[in-house]
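**Q** One structure, as structure tokens, below. Some questions next.
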Amino acid sequence: MDLATFLVQCLNSVQYGLLLFLLSSGLTLIFGIMGVINLAHGSFYMIGAYMAFALAPYLGQHFITMLVVGVILAVVLGYLLEWAFFSFLYERDHLQQVLMTFGLILVFEELRAILVGNDVHGVQPPEWLSGSFSLAGMMSYPWYRVFAAVACLVVAFAMYWMVNRTRLGMMVRAGASNRDMVRGLGINIKRLYRIVFAMGVALAALAGMIAAPMASVYPNMGSGVLIICFVVVVIGGIGSITGALVASLLVGFVDTFGKVFFQELSGMSIYLLMAVILVWRPEGLMGKRS
Amino acid sequence: MTALASLACLPGAAFAQAADKIKVGFMLPASGTYAALGVAIENGFRMYVGEQGGKLGGREIEYFKVDDESDPAKATDNVNRLIKRDKVDVLVGTVHSGVAMAMARAAKESNTILIVPNAGADAVTGPMCGPTIFRSSFSNWQTAYPMGVVAAKQEGKKNAMTITWKYAAGEEAVNGFKEGFEKNGGKVAKQLTVPFPNVEFQALLTEIAAAKPDAVFAFFAGAGAVKFVKDYHAAGLSKTIPLYGPGFLTDGTLDAQGEAAQGMLTTLHYADELGTERDKAFRTNYAKAYKLMPDVYAVQGYDAAQMLAVGLKAAGGDIGKKDVFRAAVEKATIASPRGDFTLSKAHNPVQDIYLRKVEGKENRKLGVAVKGLADPARGCKL
């Protein structure tokens, strides 16, 4: 592999890793911080992709507006779901959470089948992002993938700032380590959780919307990414946003280079990575020792 | 007294009537990703039976149905329900190759007639072939080999790469291409695989761009096909390195692939416009009956019914005469909408494979890639 190819592969890794981060940071909020094993997280990704498909005829050329509208819809959806289902789950054990969220997957899939059917759909990137440019003189790289990487990076910074620099973030972090203490301080933990959950849904949906022009929109698209999301959250350390970012990039690199150099192992390269890291640091890269 | 007599007669009459009917067991996907394919196959089958007035070989047809869910883990139970509980005379199924293999095993063990209306696993008419197992569709090898011939001979390509999911159907297809390509002077430099059903192809596209082959042959279907063709186009590769595939790369996915698929060459035993009288009639009737345009799956279902009709007719409607049934189907020429075909010794269609080009939302026929192509049926001892 020459240097140019290597550099392009690095770019692929970063772009894939950042998209993974967008997805798994939502899961980090819901699973890592709020303690709900949310198997339906992949469904939120799928819902996001289908939102992009539904909104594209109207807002396809105003892509940023479309993303904003989608995120607002996702926040509303998340807020309602938390109120209707998830608010009952915090005090329950993990088995009940798994059952409930697995049930939600089935409901979402069935609704999708009824509303839009089982076909595969494509979403076109907007005109201003549909071209590509020549990279290292060997490959034209789609502008849309660059946009996706930048968008994810922006959200990553916003997340980092929110969690580490704002009052909301402080409460979230405090809630992660000690729920009762936060409640004891007189913070409305119910409302806090509702907001955090809605944000988690919005992040997954945003990832789905950004992925739609790259990945197409198809049934069961959420189930594959769900497993990778859990891998990222576990590698990064449960509850750590920074950990999720590092782990996403790591998984992006291992998966990309694994595919190219170790074809035979490519299906399991990220699981091998997880195994190695968990042997070395059982609590994940940035996890807190308990 | 009359009432009593009629009462006494009833069960007997009902039994006689049931015995008069031929029981056809559909084991097809009715849910999940392949549901639409299952529906098309069943529509095609019922349409032919309908055209014959609901009777084949003078006997009425009674249908039994099981949703196979495209799940190999449930395949044995599902097929046994049809064979042992419903006691069907003929099995028709299915789409998923893994499920079809389980059906073939069960059909062989119970000596039941099986007609496979899609699943292309080479093994069904290869090592697993049997006297009562027939296929009305294709083998994976069969749809890919001709693309290799065309790429090398007609398109003059010397150096190609292949890419597919790492699973049986994909490997059978790319190996078929490789065989056709290398027999005609080409060389497949590298064979890339992606774990099934992974759809993140960017890393491998970079490899393709770096290696600069003359052509790429890809086998993907459904969502993976859409994603791959779009990614290939977005990476700018479609301008410099032509992408080839078996027809599954573009069948049923053209709407979603849009611009990215335009001009692509694929090979398959059917195309959207064959222009023959037989095909025109079939397409019109199908569209009238189901308010849908037929596809290759509907054709394969239709021909499965034709094969059953030929065998039943020869056996005088007695499905028990398996030797007569088999001999008749082996000798028959099936007047398929895809063009006439006969069956190979291993019971796979010997058929023309068309070269098609994507134009707009159609897979238009350019010509015949290989005429009367028979699957080599490696490992079959019939």
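The values are calculated or read from the model by the stated rules, or taken from the named source; none is laboratory data. The shown structure was predicted, so the numbers you read here are calculated from the model rather than taken from an experiment. Using ideal geometry, Cβ is built from the backbone for each residue, glycine included, and neighbour counts are taken over all protein chains shown. Remember, those area values only see protein heavy atoms, side chains included, never the ligands or the DNA or RNA. Shrake-Rupley method; radii C 1.70, N 1.55, O 1.52, S 1.80 Å.
**Q** How about region B:214-239: which of its residues are more than 9 Å from chain A (Cβ to nearest Cβ), over 28 Å from A:Ser223 (Cβ atoms) and without any contact (Cβ under 8 Å) to a residue 60 or more places away in the chain?
**A** Of everything in region B:214-239, those that are more than 9 Å from chain A (Cβ to nearest Cβ), over 28 Å from A:Ser223 (Cβ atoms) and without any contact (Cβ under 8 Å) to a residue 60 or more places away in the chain turn out to be B:Asp214, B:Val216, B:Ser238.
**Q** Name the one entry in B:Ala281, B:Ala327, B:Ala335 that is open to solvent by 20 Å² or more (accessible area, probe 1.4 Å), within 19 Å of the chain's Cα centre (by Cα) and over 27 Å from B:Glu172 (Cα atoms).
**A** Just a single option satisfies the conditions, and that option is B:Ala335.
**Q** Within region A:109-160, count every residue that is farther than 23 Å from A:Ser13 by Cβ and either more than 22 Å from the chain's Cα centre (by Cα) or modelled with pLDDT of 90 or more (or both).
**A** Going through region A:109-160 one residue at a time, the tally reaches 15.
**Q** Closer than 23 Å to B:Val299 by Cα, in contact with a helix residue (DSSP H, G or I) (Cβ under 9 Å, 6 or more places away or on another chain), open to solvent by 10 Å² or more (accessible area, probe 1.4 Å) and in contact (Cβ under 8 Å) with a residue 40 or more places away in the chain - does that describe any residue in region B:143-157?
**A** The answer is yes; a qualifying residue exists.
**Q** Could you list, in sequence order, the residues of region B:239-252 that are among the polar types (S, T, N, Q) and open to solvent by less than 10 Å² (accessible area, probe 1.4 Å)?
**A** B:Thr250
**Q** Against the condition free of Cβ contacts under 8 Å to residues at least 40 places away in the same chain, within 13 Å of chain B (Cβ to nearest Cβ), in contact with a Pro (Cβ under 8 Å, 6 or more places away or on another chain) and among the small types (Gly, Ala, Ser), how does A:Gly267 come out, does it pass?
**A** Judged against the criteria, A:Gly267 is a match.
**Q** Report yes if B:Asp231 is out of contact with any strand residue (DSSP E or B) (no Cβ under 7 Å at 6 or more places or on another chain) and open to solvent by less than 50 Å² (accessible area, probe 1.4 Å), otherwise no.
**A** yes
**Q** Regarding region B:180-195, can at least one residue be identified that is under 30 Å from A:Ser223 (Cα atoms), more than 14 Å from every other protein chain (Cβ to nearest Cβ), within 27 Å of the chain's Cα centre (by Cα) and acidic (Asp, Glu)?
**A** no
**Q** Same structure, new question: Checking the conditions here, which among A:Leu250, A:Leu168, A:Leu185 is over 30 Å from B:Ala256 (Cβ atoms), at pLDDT 95 or above, open to solvent by 10 Å² or more (accessible area, probe 1.4 Å) and out of contact with any helix residue (DSSP H, G or I) (no Cβ under 6 Å at 6 or more places or on another chain)?
**A** Result: A:Leu250 is the single residue among A:Leu250, A:Leu168, A:Leu185 that is over 30 Å from B:Ala256 (Cβ atoms), at pLDDT 95 or above, open to solvent by 10 Å² or more (accessible area, probe 1.4 Å) and out of contact with any helix residue (DSSP H, G or I) (no Cβ under 6 Å at 6 or more places or on another chain).
**Q** Next question. Among the residues of region A:73-124, which ones are open to solvent by 30 Å² or more (accessible area, probe 1.4 Å) and in a loop (DSSP other than H, G, I, E, B)?
**A** Of everything in region A:73-124, those that are open to solvent by 30 Å² or more (accessible area, probe 1.4 Å) and in a loop (DSSP other than H, G, I, E, B) turn out to be A:Phe85, A:Tyr90, A:Glu91, A:Arg92, A:Asp93, A:Asn118, A:Asp119, A:Val120, A:Gln124.
**Q** Moving on to the next point. Go through region A:160-246 and tell me which helices (runs of 4 or more DSSP H), entirely inside it, have 2 or more residues that are within 14 Å of chain B (Cβ to nearest Cβ).
**A** Counting at least 2 such residues, we get A:189-215, A:221-236.
Here is a yes/no grid of residues against (1) open to solvent by less than 20 Å² (accessible area, probe 1.4 Å); (2) among the charged types (D, E, K, R):
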| residue | (1), (2) |
| --- | --- |
| A:Arg191 | no, yes |
| A:Ile195 | no, no |
| A:Ala198 | yes, no |
| A:Ala215 | yes, no |
| A:Asn220 | no, no |
| A:Gly224 | no, no |
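**Q** Looking for whichever is over 25 Å from B:Leu249 (Cβ atoms) and not charged (D, E, K, R) here; the options are B:Thr276, B:Thr342, B:Thr266. Which one fits?
**A** The unique qualifying residue is B:Thr342.
**Q** Just checking, how many residues over region A:1-47 are away from chain B (no Cβ under 13 Å), surrounded by fewer than 24 Cβ atoms within 10 Å (Cβ to Cβ) and of a type in the set (Gly, Ala, Ser)?
**A** Final tally of qualifying residues: 1.
**Q** If you check B:Ala309 against the conditions, is it aliphatic (A, V, I, L, M) and either in contact with a helix residue (DSSP H, G or I) (Cβ under 6 Å, 6 or more places away or on another chain) or surrounded by fewer than 19 Cβ atoms within 10 Å (Cβ to Cβ) (or both)?
**A** For B:Ala309, the condition - aliphatic (A, V, I, L, M) and either in contact with a helix residue (DSSP H, G or I) (Cβ under 6 Å, 6 or more places away or on another chain) or surrounded by fewer than 19 Cβ atoms within 10 Å (Cβ to Cβ) (or both) - is not met.
**Q** Hey, another quick one. Would you please list the contacts, defined by Cβ atoms under 6 Å and residues six or more apart or on different chains, that run from a residue in region B:291-304 that is in a loop (DSSP other than H, G, I, E, B) to a residue that is buried (at least 24 other Cβ atoms within 10 Å of the Cβ)?
**A** Note: pairs meeting the criteria are B:Asp295/B:Ala40.
**Q** Is one or more of the residues making up region B:189-206 farther than 21 Å from A:Leu265 by Cβ and open to solvent by 10 Å² or more (accessible area, probe 1.4 Å)?
**A** Yes, there is a match, as at least one residue in region B:189-206 is farther than 21 Å from A:Leu265 by Cβ and open to solvent by 10 Å² or more (accessible area, probe 1.4 Å).
**Q** So which of B:Thr206, B:Thr164 is within 14 Å of chain A (Cβ to nearest Cβ), among the hydroxyl-bearing types (Ser, Thr, Tyr) and over 23 Å from the mean Cα position of the chain (by Cα)?
**A** Going through B:Thr206, B:Thr164 in turn, the sole match is B:Thr206.
Yes/no matrix, rows are residues, columns are (1) among the charged types (D, E, K, R); (2) out of contact with any Leu (no Cβ under 9 Å at 6 or more places or on another chain); (3) in contact (Cβ under 8 Å) with a residue 24 or more places away in the chain:
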position: A:Arg92; (1), (2), (3): yes, yes, no
position: A:Met100; (1), (2), (3): no, no, no
position: A:Val120; (1), (2), (3): no, yes, yes
position: A:Ser140; (1), (2), (3): no, no, no
position: A:Trp143; (1), (2), (3): no, no, no
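**Q** Now for a different question. Here are some conditions: (1) touching a His at 6+ places or on another chain (Cβ under 9 Å); (2) open to solvent by 20 Å² or more (accessible area, probe 1.4 Å); (3) outside any helix (DSSP H, G or I); (4) on the phi < 0 side of the Ramachandran plot. B:Thr342 meets all but one. Which one does it not meet?
**A** So B:Thr342 meets the others, but not (1).
**Q** Under 6 Å by Cβ, and 6 or more places apart or on different chains, what pairs join a residue from region B:250-274 that is over 19 Å from B:Ser139 (Cα atoms) and within 14 Å of chain A (Cβ to nearest Cβ) with one that is among the basic types (Lys, Arg) and in a loop (DSSP other than H, G, I, E, B)?
**A** Hits for this filter: B:Leu254/B:Lys361.
**Q** Check region A:127-139 and report whether any residue there is open to solvent by less than 70 Å² (accessible area, probe 1.4 Å), within 14 Å of chain B (Cβ to nearest Cβ) and part of a helix (DSSP H, G or I).
**A** Within region A:127-139, one or more residues are open to solvent by less than 70 Å² (accessible area, probe 1.4 Å), within 14 Å of chain B (Cβ to nearest Cβ) and part of a helix (DSSP H, G or I).
**Q** Report, by residue number, each residue of region B:50-60 that is crowded, with 20+ Cβ neighbours inside 10 Å and farther than 13 Å from B:Ile115 by Cβ.
**A** Residue satisfying the conditions is B:Gly57 alone.
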